[in-house]
Every structure is written in structure tokens, then in C-alpha cells.
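What follows is a short report on a single structure.
Read the figures in this text as sums done on the coordinates, not as results from a lab. What you see is a predicted model; the values in this text were computed from it and never measured. Positions of Cβ are generated from backbone atoms using ideal geometry, with glycine treated the same way; all protein chains shown enter the neighbour counts.
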Amino acid sequence: DTGVSQNPRHKITKRGQNVTFRCDPISEHNRLYWYRQTLGQGPEFLTYFQNEAQLEKSRLLSDRFSAERPKGSFSTLEIQRTEQGDSAMYLCASRSFNEKLFFGSGTQLSVL
Amino acid sequence: QQQVKQSPQSLIVQKGGISIINCAYENTAFDYFPWYQQFPGKGPALLIAIRPDVSEKKEGRFTISFNKSAKQFSLHIMDSQPGDSATYFCAASSYGGATNKLIFGTGTLLAVQP
């Protein structure tokens, strides 16, 4: 499979717990993005990596959120002390040199 | 931060008809305008994209029309099929920006009736 891979596909957690999502981008893509999508809305930008460097973070990304991309390969998004408002689809995308952005299937988070 | 406005919110079209979805943007620095198709439980998939140096781009049954002066662009789906039933998102980005992040519209839920 040469697409963007995200794990897990679904995550149910209790409020206050920490969760971590993983994204494996397309191998030759050095640019990686995290987006969040709530029901009935378009994806909203969260953060961007070029190789291992996190170059931009949205104001949507509170201090409970942290993202990493060690060695410029896979990326993780961690949410600490989850809140019900964090319930959403978390999408990872990677970009090719010609600007096409490819999305994974996302991780659906439900905070109870 | 609603920089890309999309309409209609939902659309019902008969099989074989033309589906038209419209978007308007505010930031004149935007110079890349893609359309994405999303099925339930899946991530958005790139459908077609246009740059402002052309007014129209066609790929199969899908056409983007672009009006730079009005800051508007639209997606036309010709001969709409039930398999086209999905949510469609327009988006925009600035190539010269450091991140080239896409700003998405709110989506249009298209239902093509057989």
C-alpha cells in the first residue's frame, strides 16, 4: 500500500485520558500535515512538518496537543487530558513535490 | 477563519444531470484551487485542481470554472452518476506560503438519484 496510513482507525476514550495517533506518509513525501474534521465541516489545519521540523501550528492546537515527526518519517499526534470537544476525525496528509495533497482515512476519536 | 465559502450545503441531482457547486474566496494570495471528494469513513481524495492562469480545466466528467476577478470558482459534474454521491470540498492555498496549507470550504453533500 503506497498511500497515507493512519492508525488506529477508531479510538474511544474517556474524558481526561491521553490518546496518541500515528501517521505513516507516502514514503517520498517530506511534507506532512495534520487536519481535524468535525461532522458537517471541512478539514481544519492543525500543524505542518517539513521533514522532522514542525514549521507551523494552528491556534486550534492547544497546549494539550503535541505532534512529532522523529527522523522525518512517521508522525504522531498526542492529545492529553482529552475533552468531549476533542471528538473529531483526525486526518493526516502528505504532499508531493507537485503540490498534490494526499489524505489518509483518518482516526475517528470519540471522547465519552 | 472562513476564507473559503462554499454553496450549496446540499444538492440533489437526477442521474445524468449536471451538478454545480460554487466557492468564493477572500485572500487574493491564493493561487491553487483543488476540489476534494470524500466518502463516509474515508479521507478526502483529490478530484481536480486549477491555477488562476486558466479559466477552465476539464478532466473527464469534472470541470472547474475559475473567475479571478470575482474570486469565485465552481465544480461542474457532467452526466452525474449515483456513484458520485459524496461530500465535495473546495479548497485554496497560496503557493508562495511557507506551508502551502489548504483552507477548505464547509462541504457540499451531493446525492445523485437513480
Could you count how many residues in region A:67-107 are under 21 Å from B:Gln38 (Cα atoms) and in contact (Cβ under 8 Å) with a residue 12 or more places away in the chain?
17
Restricting to region B:60-114, and then to whatever is of a type in the set (Ser, Thr, Tyr) and within 12 Å of the chain's Cα centre (by Cα), can you tell me which residue is farthest from the other protein chains (Cβ to nearest Cβ)?
B:Ser65
Any idea how many residues of region A:1-35 are surrounded by fewer than 22 Cβ atoms within 10 Å (Cβ to Cβ) and under 21 Å from B:Trp35 (Cα atoms)?
4
Residue within region A:43-52 that is closer than 18 Å to A:Ala67 by Cβ, more than 10 Å from chain B (Cβ to nearest Cβ) and either in contact with a helix residue (DSSP H, G or I) (Cβ under 6 Å, 6 or more places away or on another chain) or surrounded by fewer than 22 Cβ atoms within 10 Å (Cβ to Cβ) (or both) present
yes
Mind checking which strands (runs of 3 or more DSSP E) fall wholly inside region B:1-61 and carry at least 1 residues that are exposed (fewer than 12 other Cβ atoms within 10 Å of the Cβ)?
B:10-14, B:56-59
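Let's see how each residue does on (1) among the acidic types (Asp, Glu); (2) within 20 Å of A:Leu46 (Cα to Cα); (3) touching a His at 6+ places or on another chain (Cβ under 8 Å):
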| site | (1), (2), (3) |
| --- | --- |
| B:Phe30 | no, yes, no |
| B:Gln38 | no, yes, no |
| B:Lys42 | no, yes, no |
| B:Ile48 | no, no, no |
| B:Val54 | no, no, no |
| B:Thr63 | no, no, yes |
| B:Phe66 | no, no, no |
All but one of (1) assigned to a loop (DSSP other than H, G, I, E, B); (2) within 14 Å of chain B (Cβ to nearest Cβ); (3) more than 28 Å from B:Ser10 (Cα to Cα); (4) among the polar types (S, T, N, Q) hold for A:Ser27; state the number of the condition that does not hold.
(2)
For region A:62-88, what are the residues that are part of a strand (DSSP E or B) and either of a type outside the set (A, V, I, L, M, F, W, C) or surrounded by fewer than 20 Cβ atoms within 10 Å (Cβ to Cβ) (or both)?
A:Phe65, A:Ser66, A:Glu68, A:Ser75, A:Thr76, A:Glu78
Applying the selection to region A:11-49, what residues are polar (S, T, N, Q) and over 9 Å from the mean Cα position of the chain (by Cα)?
A:Thr13, A:Gln17, A:Asn18, A:Thr20, A:Ser27, A:Asn30, A:Gln37, A:Thr38, A:Gln41
Can we say B:Ile21 is in contact with a Lys or Arg (Cβ under 6 Å, 6 or more places away or on another chain), within 16 Å of B:Val4 (Cβ to Cβ) and within 14 Å of another protein chain (Cβ to nearest Cβ)?
no
